[in-house]
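Written below as structure tokens is the structure these notes are about.
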Amino acid sequence: MAKRVKIRVFRYNPAHDTDARYDEFEVEAERWTTVLDALLYIKAHKDHSIALRYSCRMASCGSCGMLINGIPRLACYTKVYELGSDVVTCRPLPNFPIIRDLAADFTAFFAKHKSMKPYIINEVAESIDGREFIQKPEEVEKYLQFSYCIKCGLCYAACPTVATDRRFPGPQALAQMYRYLIDSRDKATDERLRIVDDRHGVWRCHFAGSCSMVCPKGVDPALGIQLLRAYLLGMNRDSKVVAELYRREPK
Amino acid sequence: MKENREGIKGWLNPTRYGANRFAYWLQRLTGLGLLAYFIAHVIETSNIVYGKNAWEKMLAVTQTTEGHIVLMVVIGMCVFHAANGVRLYIAEHGKGIGRPGRPEYPYKPTSLGLGMKACIWVSVALAALAMMYGAYVLFGEV
Ligand code: HEM
Ligand code: SF4
Ligand code: FES
């Protein structure tokens with residue numbers, strides 16, 4: 001059964017608007033209509049000038065994050081019906097500068113991710129020549145969940161510390177730091193700890209948990225941050241043994 | 001406008017992101033409340049340097065109904081802040097927040113699981129109980 005809903009879209013172009021406004025559109029929503037479906041319908045039939053970012057439409061690319069009825073969500077992963085309201089208000093993600101309308105600027109967010117050196121650091125891996133690292137399932141499970149991150153920035157938009165501290169890397173970056181730190185193939189433990197061991201680094205987190213509340217992929221960045229902090233406090237140092245390269249014998 | 005940061009505004013609303021965000025808000029509020037009380041307390045007790053009279057005049061203020069209510073709020077703030085502080089201390093040492101695994105839909109975060117939630121509500125309940133006991137002692141003697 002379809003219902004008519006009002007979609008309120010935040011409109012603002014920093015290049016020539018002094019104030020933002022909301023444009024309102026009436027749309028028919030089915031039980032399966034996502035907020036992204038509704039916005040794309042509006043773009044196709046009512047006002048094509050709305051700026052928004054999307055790509056995969058299936059919660060994989062991380063492009064369509066926006067503030068939907070006050071909470072950061074993926075527009076393609078949020079059904080109009082599940083909001084339980086006849087009014088759907090879309091705003092750009094907070095804590096990101098606005099490019100235009102619903103499109104937010106991820107430059108600083110990606111720079112923070114990059115500053116965590118999000119790759120395996122291990123000089124042995126450079127000369128791998130037919131050998132491979134062997135990881136037990138338990139070793140994979142230590143980081144697997146954090147590697148599901150799609151860099152959508154919902155956690156960064158929900159975090160009260162990001163909201164006030166420009167230098168804080170944010171939940172996404174810190175969780176990625178833990179992901180590489182605890183990977184048994186990575187050898188740069190001390191280098192990594194030096195990057196986050198700062199009063200604007202991992203210690204700035206107050207465990208408000210909002211990041212994990214909004215994460216659409218089950219990454220649970222708050223868990224990663226507390227485990228990173230625990231590692232610095234010497235709590236689970238023995239949980240990481242750097243893996244060796246093995247040559248797999250042909251059968 | 002272009003920056004679109006939430007700023008301190010983001011701290012003020014405790015209702016948006018579940019129990020942990022509420023606890024974050026209350027820890028901050030009670031921390032600042034205790035700090036204010038601590039400063040007032042030092043100023044208040046420093047009255048003793050002006051002699052016995054000044055000291056007793058000051059003590060009389062705490063014997064009024066308003067004085068009792070302020071003290072009850074301080075008791076509540078103390079108990080919540082301390083209990084929730086211990087919870088944070090444990091969580092920030094990586095305990096009681098679950099462990100990473102294979103994410104399964106609907107992706108419930110273990111760090112916001114029942115254990116943490118229970119600790120938050122127990123802290124609130126302990127604060128309420130302490131306030132009630134405080135009220136019993138303070139108002140009981142009037
Ligand atoms: C039993 C004693 C106490 C414990 C276990 C405790 C624990 C804590 C913890 C763990 C935090 C950090 C919270 C976070 O990361 O967001 C904190 C913050 C704070 N505490 Fe306490 N505390 C205690 C007593 C006090 C007292 C007596 C005062 C005031 C004189 C006080 C004032 C504050 C303030 C102002 C903050 C900062 C609030 C914030 O950043 O959100 N605390 N406390
Ligand atoms: S941790 Fe979750 S919310 Fe944050 S960027 Fe990654 S997928 Fe998005
Ligand atoms: S469009 Fe790719 S995550 Fe929503």
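The values are calculated or read from the model by the stated rules, or taken from the named source; none is laboratory data. Model, not experiment: these values are computed from the prediction. Cβ: placed from backbone, ideal geometry, glycine included. Neighbour counts: every protein chain shown. Heads up: the accessible areas ignore ligands, DNA and RNA and are worked out on the full protein's heavy atoms, side chains in. Shrake-Rupley method; radii C 1.70, N 1.55, O 1.52, S 1.80 Å.
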Look at B:GLY10 and say whether it is touching a residue at least 40 places away in the same chain (Cβ under 8 Å) and either exposed (fewer than 15 other Cβ atoms within 10 Å of the Cβ) or under 30 Å from A:ALA20 (Cβ atoms) (or both). no
Which of the numbered conditions does A:SER147 fail, given that it passes all the others? Conditions: (1) touching a residue at least 40 places away in the same chain (Cβ under 8 Å); (2) away from ligand 3 (no atom under 16 Å from the Cβ); (3) under 15 Å from the mean Cα position of the chain (by Cα). (1)
Against the definition (touching a residue at least 24 places away in the same chain (Cβ under 8 Å), within 30 Å of A:ARG167 (Cα to Cα) and either more than 16 Å from ligand 3 (Cβ to nearest atom) or within 14 Å of chain B (Cβ to nearest Cβ) (or both)), how does A:LEU74 come out, yes or no? yes
Could you give every pair whose Cβ atoms fall below 6 Å, whose first residue belongs to segment B:13-38 and is within 11 Å of chain A (Cβ to nearest Cβ), and whose second residue is in a helix (DSSP H, G or I) and of a type in the set (Ser, Thr, Tyr), counting only separations of at least 6 or pairs across chains? B:TYR17/A:SER210; B:ARG21/A:SER210
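Condition check ((1) within 30 Å of B:GLU92 (Cβ to Cβ); (2) aromatic (Phe, Trp, Tyr); (3) surrounded by 11 or more Cβ atoms within 10 Å (Cβ to Cβ)) across all residues:
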| position | (1), (2), (3) |
| --- | --- |
| B:ARG16 | yes, no, yes |
| B:ARG21 | yes, no, yes |
| B:THR30 | yes, no, yes |
| B:ASN47 | no, no, yes |
| B:ASN53 | no, no, no |
| B:LYS57 | no, no, yes |
| B:GLN63 | no, no, yes |
| B:HIS68 | no, no, yes |
| B:GLY76 | yes, no, yes |
Looking at A:ARG194, A:ARG166, A:ARG185, A:ARG204, which one is within 16 Å of ligand 1 (Cβ to nearest atom) and open to solvent by 30 Å² or more (accessible area, probe 1.4 Å)? A:ARG204
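To keep it simple, each residue is scored yes or no on (1) touching a Pro at 6+ places or on another chain (Cβ under 9 Å); (2) at the interface with chain A (Cβ under 7 Å from one of its Cβ atoms).
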| residue | (1), (2) |
| --- | --- |
| B:ARG99 | no, no |
| B:PRO103 | no, yes |
| B:TYR107 | yes, yes |
| B:MET116 | no, no |
| B:ILE120 | no, no |
| B:VAL124 | no, no |
| B:TYR133 | no, no |
